[in-house]
1. Under the 0.36 nm per residue contour assumption, what length would be gained going from the current alpha-carbon distance of residue 116 and residue 38 to full extension?
2. Can you run phi through the Karplus equation (6.51, -1.76, 1.60; θ = phi - 60°) for region 68-79 and list ³J(HN,Hα) in whole Hz, with x for Gly and Pro?
3. Could you list the chymotrypsin sites (Phe, Trp or Tyr not before Pro) in region 27-136 that lie in coil according to DSSP, counting only those with at most 10 other Cβ atoms within 10 Å of their Cβ?
4. Which distance in nm do the two modelled labels at residue 69 and residue 125 give, with both placed 7 Å along the Cα-to-Cβ direction?
5. Out of region 90-131, which GluC sites (Glu not before Pro) are coil in DSSP terms and have no more than 16 other C-beta atoms within 10 Å?
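Quick note: the coordinates plus some simple rules give every number you see, no bench work behind them. Please read these numbers as outputs of a predicted model, since none were measured by experiment. Don't worry about glycine lacking a Cβ; one is built from the backbone with ideal geometry, like all the others, and counts go over all protein chains shown.
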Amino acid sequence: MSPSAAPKSPTTRPGGPQPLRRRRAPRPAAAGSGASRRILNYVLVFVTVILVVDALVGDKGLLQTIKARKEYAQVANSLETLKADNDRLREEIRRLKEDPAAIEAIARQDLGLMRRGEVLFIVRDATPAQVRRERQSSAGLRSAAAADR
């Protein structure tokens, strides 16, 4: 047969060759039924929930991290307080080593010591009723003493 007498195939055009087209691949049959996909979705949701719960309350989870940060802040605050106390005590030690007046002040305050030649006055607070009784008793003693003379 001659090329002009060749039978026309559906891929040829009257005016020339047909454009190239991809053949559509046949869709593969579903690997599983709808039930297996549903089970797979449930498993994925379950795993996701487990991971989220672990991230929140696990050993290194969010709640544990928040608790650790609060504890760190408390310990840091305590450390600052202790450093301030150490500085105050160092200053007191320095004063006690170098300043005799500081030693004297502590001896007077804590031990109740006094210098030679100082006079100690003890002042008692008395209620008005006690004052009246003391006056009456002292007035009675005076009158008794005058009668004895």
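1. On the way: separation 78, 0.36 × 78 = 28.08 nm, distance 10.07 nm.
18.0 nm is the gain from fully extending residue 116 to residue 38.
2. 5, 5, 5, 5, 4, 5, 5, 5, 5, 5, 4, 4
3. Loop-located and lightly packed - 121.
4. Taking the simple label geometry, residue 69 and residue 125 are separated by 5.1 nm.
5. Values: sites: 91, 92, 98, 104, 118; in loops: 118.
Qualifying residues, ordered by number: 118.
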